[in-house]
Amino acid sequence: MTTSPDLLKSPDEPPMPSATLGGESKRSIEQVALLLFITVPFVALLAAVPLAWGWGVSWLDLGLLVFMYYLGCHGVTIGFHRYFTHGSFKAKRPLRIALAVAGSMAVEGPLVRWVADHRRHHKFSDAQGDPHSPWRFGETLPALLKGLWWAHIAWMFDEEQTSQEKYAPDLLADPAIRRISRDFVFWTALSLAIPPLVGGLVTMSWWGAFTAFFWGSLVRVALLHHVTWSINSICHAVGKRPFKSRDRSGNVWWLAVLSCGESWHNLHHADPTSARHGVMRGQIDSSARIIRWCEQLGLAHDVRWPSAARIDSKRNEDGGRSRRKEKAAEAA
């Protein structure tokens, strides 16, 4: 089966006038900025291995990389994704603001835009209207390779943007959240500045500031970008599917730690509002653990923890083999 390149364009989204946080059509300056934010950290990531081999990496640089990585990663997974997009729990105002800021420091785009894109993704997951499905161009190997590139990076350069007024009106109605989203450039600058500031002050040297910037800012941002984008691409192309979902979402175990539990993606699409994605024995989900801690501290409440009965009701009776049977039937 092959799919038209235009199949995954939303049928119910006509062109709209400029929305509150940036409009529906990317300007050329935004395209250039996006290209820089993707390519510069990625070049640093490519250079990281030979540089580490030749110069080594200090414990300070490594500590800054890990701390800033998981600060931004959990800001996205707990804040942008499970809280703001899906309402997996309710948060007290200080936690709500903290999650918005932490997620913004992951340098993955303004909060409201991120949420709007992801809500649209769930509405049309791997079907017409999904902004980043790897199955956009069909199911042949060349089409899938092209689709993986689209889902991983290329979709962000699409001139057609998701309507924030349609998909995230609740966030636009909150002045504080709207302000944090609009100040994305400030949070990006702060996120990039913290490592060299700490590195320079601790070592009292410009070299210490530079290496901290290289590892704690550039390499960290590139690594987090590609792990996050892999949920869009890899986790919708491969992986086990023990739960019933209407799309191609799969569980990819080797991304679990780096993605803070997001790569248990099949359960997420089977039960999007669940606060825990890794629900089976041995499935590491650090985001769910932190949500539990916030609940115990009284910062989060009405958490949507999946019960055993709910998990069982979502299981595929054939252990996830249904999709393989469908493909075999199509081939026949």
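The values are calculated or read from the model by the stated rules, or taken from the named source; none is laboratory data. Quick caveat, the model's predicted, so the values are computed rather than measured. So basically every Cβ, Gly included, is an ideal-geometry build from the backbone, and we count neighbours across all protein chains shown.
The table below lists the values:
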{"item": "Residues that are modelled with pLDDT under 50 and surrounded by 15 or more Cβ atoms within 10 Å (Cβ to Cβ), drawn from the stretch 297-322", "result": "Gly320"}
{"item": "Qualifying residue in the stretch 119-142 (condition: part of a helix (DSSP H, G or I), over 17 Å from the mean Cα position of the chain (by Cα) and closer than 26 Å to His265 by Cβ)", "result": "yes"}
{"item": "Residue satisfying all of: in the stretch 56-102; of a type outside the set (Val, Ile, Thr), outside any helix (DSSP H, G or I) and touching a residue at least 40 places away in the same chain (Cβ under 8 Å); nearest to Trp229 (Cα to Cα) among these", "result": "His86"}
{"item": "Pair list, Cβ < 6 Å and 6+ apart or interchain, from the stretch 243-271 residues that are among the acidic types (Asp, Glu) to residues that are not in a strand (DSSP E or B)", "result": "Asp247/Ser125; Asp247/Asp126; Asp247/His269; Glu262/Thr77; Glu262/Ile231; Asp271/Lys314"}
{"item": "Total residues in the stretch 296-319, condition under 17 Å from His81 (Cβ atoms) and either assigned to a helix (DSSP H, G or I) or more than 23 Å from the chain's Cα centre (by Cα) (or both)", "result": "0"}
{"item": "Answer from Asp126, Asp158 - the residue that is in contact with a His (Cβ under 8 Å, 6 or more places away or on another chain) and either farther than 18 Å from Glu262 by Cβ or not aromatic (Phe, Trp, Tyr) (or both)", "result": "Asp126"}
{"item": "Some residue of the stretch 196-208 being buried (at least 19 other Cβ atoms within 10 Å of the Cβ), out of contact with any strand residue (DSSP E or B) (no Cβ under 8 Å at 6 or more places or on another chain), polar (S, T, N, Q) and touching a residue at least 40 places away in the same chain (Cβ under 8 Å)", "result": "no"}
{"item": "Contacts under 6 angstrom Cβ, first residue in the stretch 155-179 being surrounded by 18 or more Cβ atoms within 10 Å (Cβ to Cβ), partner modelled with pLDDT of 95 or more and of a type in the set (Asp, Glu), 6 or more apart", "result": "Thr162/Asp117"}
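This table checks each residue for (1) assigned to a loop (DSSP other than H, G, I, E, B); (2) under 19 Å from the mean Cα position of the chain (by Cα).
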position: Ala189; (1), (2): no, no
position: Pro196; (1), (2): no, no
position: Val221; (1), (2): no, yes
position: Arg248; (1), (2): yes, yes
position: His269; (1), (2): no, yes
position: Arg276; (1), (2): yes, yes
